[in-house]
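Each remark here refers to the structure printed beneath this line.
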Number of protein chains: 2
Amino acid sequence: METELSKRLGIEHAIFGFTPFPAVAAAISRAGGMGVLGAVRYTAPDELARSLEWMEAHTDGRPYGLDVVMPAKKVEGVTEADVEAMIPEGHRHYVRDVLAKYGVPELEPGDPTGWRITGWMEQVARSQLDVAFEFPIGLLANALGSPPADVVQRAHELGVPVAALAGSARHARHHQEAGIDIVVAQGYEAGGHTGEIGGMVLVPEVVRAVDPLPVLAAGGIGTGEQVAAGLALGAQGVWLGSVWLTTTEAELPSSALVRKLLAAGSGDTVRSRALTGKPARQLRTEWTDAWEAPDGPGTLPMPLQGLLVADAITRIQKYEVEPLLGTPVGQIVGQMREVRSVQAVFDDLTRGFERALTRMNRIAGRT
Amino acid sequence: METELSKRLGIEHAIFGFTPFPAVAAAISRAGGMGVLGAVRYTAPDELARSLEWMEAHTDGRPYGLDVVMPAKKVEGVTEADVEAMIPEGHRHYVRDVLAKYGVPELEPGDPTGWRITGWMEQVARSQLDVAFEFPIGLLANALGSPPADVVQRAHELGVPVAALAGSARHARHHQEAGIDIVVAQGYEAGGHTGEIGGMVLVPEVVRAVDPLPVLAAGGIGTGEQVAAGLALGAQGVWLGSVWLTTTEAELPSSALVRKLLAAGSGDTVRSRALTGKPARQLRTEWTDAWEAPDGPGTLPMPLQGLLVADAITRIQKYEVEPLLGTPVGQIVGQMREVRSVQAVFDDLTRGFERALTRMNRIAGRT
């Protein structure tokens, strides 16, 4: 599976795998794709440095990438404490009430607050980038809007191509104007932050909008036939996130969560603001329902909502409170039915693509 | 573009075109696809008979199909008047208020009420079928649930294969149990009644759920690359509706509506209950907004909502009240940029499919 883009990036297959787990990212790169490590959950730069050192040691010299969440809008000199202070007391009460209703215990002193997702605050993302640019990363991706101009320039000076996610053609054109090299067209089906346009419509629309920039198809891709569909739509590669969550190498915080993922159907996700304040597709749970409830306070804008719920999510995960336990995941979750190695998933993708193509050639009378 | 299904049905290309307009359906069949005429807007059986006679005379002996909307649930002996009587007065007031706000004139005596969509009431659909089975139709499609067992049996006795639309794998399995021959997997992107699962995920899920029944991919398909994507996902053909609305042969009730369709982007549709009482994707208008308004009465269940708004829709169309003027259409509307003949659209589909396949073969190193 070779496209102009995969050749340029030095990877064997035009398959890009986004994951928060270094072991998964490294395995994707070793399999011949581009493993892209999500940095959003690293708060301490030295933790990220250790993970990247580990990646270096476990990718056999193959390219890997890093994904940061850096809003284009700059908020000068705002600290996490300033943002915390903006959270209304009523919302904090609501979180406490929901957790109490389900009997979720408190954290113990010294418990890590792993879900304290502050990586999208610009100063955190910048300190991550200072670390990342010390490593020979093969791709820098940004999950929210275009990164600031100086970051794009710095990446380009180091020869690192920059990718950015887009949920609409307009959004994609902004990326192009900002000097982005690769647009990830993320359809409605996708896990995490998504728009409302289905991949079938979005991908070709974005391809046309930013031509000749290369586009990756994202959302609803977990099998080789879906890889084929993404490429049929004009993409130069595919971007997969959800499908890696149930791999052997993934380190989900809870085995109950893995069981929930394996049991979920394609209709068991919801686009909700419960996790970050922006619509992100995730498992539908009694937690997401609580934020839709007519008698609830509703969600806060990003980044307030993420800070508001950070400890709650950590507690829900630590104590495996099943009705509340969720994760960002796409509609493809309905096809995730067993725990497999990254290599097994990857082989399925490339072989399934070949099978789909053979069938299409037969349909076209090209035997 | 030949699949087992297209061979069985005697069509050259596995492209199925749903349309309420006989001239469009006939042109699709003449081009080598399967034109499927929507019967839902015919209230008088003899009108439908005249249209089918016209189809016979204009399809050069090629197969064409008929699409009815027949709910599987039987409501014995309920007349249109009975249903009308169930509509709350408050809802009638709200319709009057919205129309008054936009200064929409009344209908004149003798005006046809073309939007009085009663075809989905079972007795109406049955009288349509009595007419249809007098003609050598090549396909009977049902847009809402599985048709009743006796209808499926009657079609099979006459050698007419039966297709039914499904928005989920569960829904598709019900069709299979009901003896349906072909499942149309209709993704979230599609115009008209749709579920929440994007086509990229839904199509392969349905293919696996009803194997070995043939599946058609529907939703978000308007170009040859989207045809290729649908086939890549395992479908034995594609089902397109929206793309024909802006063809030369279409007879939309208003040129202002054609202009709105040509100007709309992929983000300008909404899944709304405003038209029928069930979620149907359509242009977002101030009419659909009025049914979402927090101070409005909300929509009624099917078939009440359809009867409630029938005259209003006719008036909005007759007087071309632009802010309220809409139609069922999928997200593909963003790619409908000019009025073209059915043949030109069809040629684009088949040629675009070939181009996409050539590109995919290059990606796979099969040159």
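Quick notes on this structure:
- Taking the conditions (1) more than 24 Å from residue A:149 (Cα to Cα); (2) touching a strand residue (DSSP E or B) at 6+ places or on another chain (Cβ under 6 Å) in turn, residue A:19 satisfies each one other than (2).
- For segment A:134-156, the set of residues classified as free of Cβ contacts under 8 Å to residues at least 24 places away in the same chain and charged (D, E, K, R) consists of A:150 only.
Yes/no per residue for (1) in the same structural domain as residue A:291 (by TED's automatic domain parsing); (2) modelled with pLDDT of 90 or more; (3) part of a helix (DSSP H, G or I):
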site: A:53; (1), (2), (3): no, yes, yes
site: A:62; (1), (2), (3): no, yes, no
site: A:65; (1), (2), (3): no, yes, no
site: A:84; (1), (2), (3): yes, no, yes
site: A:93; (1), (2), (3): yes, yes, yes
site: A:97; (1), (2), (3): yes, yes, yes
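- Out of B:291, B:244, sole residue that is touching a strand residue (DSSP E or B) at 6+ places or on another chain (Cβ under 6 Å) and more than 14 Å from chain A (Cβ to nearest Cβ): B:244
- Members of segment B:140-170 found to be closer than 24 Å to residue B:197 by Cβ and away from chain A (no Cβ under 14 Å), listed by number: B:141, B:142, B:143, B:144, B:145, B:146, B:147, B:162, B:163, B:164, B:165
- Segment A:1-32: number of residues that are part of a loop (DSSP other than H, G, I, E, B), touching a helix residue (DSSP H, G or I) at 6+ places or on another chain (Cβ under 8 Å) and more than 14 Å from every other protein chain (Cβ to nearest Cβ): 1
- Among the conditions (1) more than 11 Å from every other protein chain (Cβ to nearest Cβ); (2) in contact with a Pro (Cβ under 7 Å, 6 or more places away or on another chain); (3) farther than 18 Å from residue A:145 by Cα; (4) not hydrophobic (A, V, I, L, M, F, W, C), residue A:191 misses just one, which is (3).
- Screening residue A:220 on (1) surrounded by 24 or more Cβ atoms within 10 Å (Cβ to Cβ); (2) on the phi < 0 side of the Ramachandran plot shows it passes everything except condition (2).
- Residue that is surrounded by the most Cβ atoms within 10 Å (Cβ to Cβ) [pool: residues in segment A:326-351 that are within 12 Å of chain B (Cβ to nearest Cβ) and not in a loop (DSSP other than H, G, I, E, B)]: A:331
Residue-wise test of (1) modelled with pLDDT under 95; (2) outside the structural domain of residue A:7 (by TED's automatic domain parsing).
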| position | (1), (2) |
| --- | --- |
| A:103 | no, yes |
| A:109 | yes, yes |
| A:131 | yes, no |
| A:147 | yes, no |
| A:156 | no, no |
| A:160 | no, no |
| A:173 | no, no |
| A:180 | no, no |
| A:185 | no, no |
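- Residue within segment B:352-365 that is within 23 Å of residue B:21 (Cα to Cα), part of a loop (DSSP other than H, G, I, E, B) and within 14 Å of chain A (Cβ to nearest Cβ) present: no
- The set of residues in segment A:222-234 that are more than 7 Å from chain B (Cβ to nearest Cβ) and in contact (Cβ under 8 Å) with a residue 60 or more places away in the chain comprises A:222, A:224, A:227.
- Residue identified as more than 30 Å from residue A:14 (Cβ to Cβ), surrounded by fewer than 24 Cβ atoms within 10 Å (Cβ to Cβ) and in contact with a helix residue (DSSP H, G or I) (Cβ under 9 Å, 6 or more places away or on another chain) among A:248, A:314, A:299: A:299
- Check on residue A:323, away from chain B (no Cβ under 14 Å), in contact (Cβ under 8 Å) with a residue 40 or more places away in the chain and surrounded by fewer than 16 Cβ atoms within 10 Å (Cβ to Cβ): yes
- Taking every residue in segment B:198-209 that is within 7 Å of another protein chain (Cβ to nearest Cβ) and over 13 Å from residue B:165 (Cβ atoms) and pairing it with any residue that is of a type in the set (Val, Ile, Thr) and surrounded by 24 or more Cβ atoms within 10 Å (Cβ to Cβ), at least 6 positions away or on another chain, the pairs with Cβ-Cβ distances below 6 Å are B:201/A:332.
The values are calculated or read from the model by the stated rules, or taken from the named source; none is laboratory data. These numbers come from a predicted model, not from an experiment. Every residue, glycine among them, receives a Cβ derived from its backbone with ideal geometry; neighbour counts consider all protein chains shown.
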